[in-house]
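Shown next, in structure tokens, is the structure this report addresses.
The values are calculated or read from the model by the stated rules, or taken from the named source; none is laboratory data. Nothing here was measured: the structure is a model prediction, and the numbers come from that model. Here the Cβ is made from the backbone with ideal geometry for all residues, glycine too, and neighbour counts use every protein chain on show. Surface areas here come from the heavy atoms of the whole protein model, side chains and all, with no ligands, DNA or RNA. Shrake-Rupley method; radii C 1.70, N 1.55, O 1.52, S 1.80 Å.
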Amino acid sequence: MVARVRHTIEVSDAAALAAAAAERVIARIDDNPDRIAICLTGGSSPKQLYELLGKEPYRAQIPWDRVHWFIGDDRFVKADDPLNNMNMARQIFLDRCAPATNIHPITTESASPDEAARLYEEKLKGFYGADALDPAKPLFDLVLLGVGPDGHVASLFPGYPAVDVTDRWVVGVPEAHVAPFVPRVSLTLPTLASCREMLFELSGADKRPILTRILAGEDLPANRARATDGETIWLCDSAALPENFHG
């Protein structure tokens, strides 16, 4: 099955980007009357979004007992380490709003990144109810992603073996291509692609160089990450977009 086209949406600034992302999160939740799965991302891009989700009016619109929160990748550090991606989300909104049983972090206290990847893959398969992904049954309602300065998504770095893995749902990444230089655990591209919507957030002038390369079609993980049979949306503020961007 061929992934659908990417849609790029321009907003004015970081605040408008977070508000637009929050509206899309709520829309995806509203589309599903049953159990909902959202895959979060780390880095600086989603912080304003997470702050919005944890306060009104968005907090009241989320049926917290039906929403399950996963993470697309994490640094192999202790769960309470400031570098831990899920820890950031928990500190900002999850621990105040979501039932503890609905928060699904990667177990970074495992013996190794590979062991943590195996355990998280088991958790995802148990939640999904099958050992193989079905394009007709997405794993996630929404996958949130940012993009690193080298074009990486989650912890799938350009030129590293993990970006080409298709026979596993989660992989250990022994070394990072960018700071912080700690081992990682990451969902693979096919797992991230199993979603109703893949939503990227890019904000600020520091994102313009890599976004220019992405929009030019360079072979980077960010250009390979697309929803298999859902929507792929890039929310970008004006500062991040190239000057000659025309939509």
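The figures follow:
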item: Residue, most open to solvent (accessible area, probe 1.4 Å), within region 85-113, restricted to residues that are in contact (Cβ under 8 Å) with a residue 40 or more places away in the chain and polar (S, T, N, Q); result: S112
item: Test: residue in region 74-82 that is within 22 Å of L202 (Cα to Cα), touching a strand residue (DSSP E or B) at 6+ places or on another chain (Cβ under 7 Å) and open to solvent by 30 Å² or more (accessible area, probe 1.4 Å); result: yes
item: Positions within region 215-239 being modelled with pLDDT of 95 or more and assigned to a helix (DSSP H, G or I), in sequence order; result: P221, A222, N223, R224
item: Sole residue being surrounded by fewer than 19 Cβ atoms within 10 Å (Cβ to Cβ), modelled with pLDDT under 95 and not polar (S, T, N, Q), chosen from P242, P209; result: P242
item: Residue count for region 19-64, restricted to those that are touching a residue at least 40 places away in the same chain (Cβ under 8 Å), assigned to a helix (DSSP H, G or I) and not β-branched (V, I, T); result: 10
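Conditions (1) buried (at least 21 other Cβ atoms within 10 Å of the Cβ); (2) under 22 Å from T8 (Cβ atoms); (3) within 18 Å of the chain's Cα centre (by Cα), marked per residue:
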{"position": "K123", "(1), (2), (3)": "no, no, yes"}
{"position": "F127", "(1), (2), (3)": "no, no, yes"}
{"position": "L139", "(1), (2), (3)": "yes, no, yes"}
{"position": "D150", "(1), (2), (3)": "no, yes, yes"}
{"position": "S155", "(1), (2), (3)": "yes, no, yes"}
{"position": "V171", "(1), (2), (3)": "yes, no, yes"}
{"position": "T191", "(1), (2), (3)": "yes, no, yes"}
{"position": "D219", "(1), (2), (3)": "no, yes, no"}
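For (1) farther than 21 Å from P33 by Cα; (2) among the aromatic types (F, W, Y), each residue gets a yes or a no:
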{"residue": "Q61", "(1), (2)": "no, no"}
{"residue": "W64", "(1), (2)": "no, yes"}
{"residue": "F70", "(1), (2)": "no, yes"}
{"residue": "D73", "(1), (2)": "yes, no"}
{"residue": "F76", "(1), (2)": "yes, yes"}
{"residue": "D80", "(1), (2)": "yes, no"}
{"residue": "M88", "(1), (2)": "yes, no"}
{"residue": "Q91", "(1), (2)": "yes, no"}
{"residue": "R96", "(1), (2)": "yes, no"}
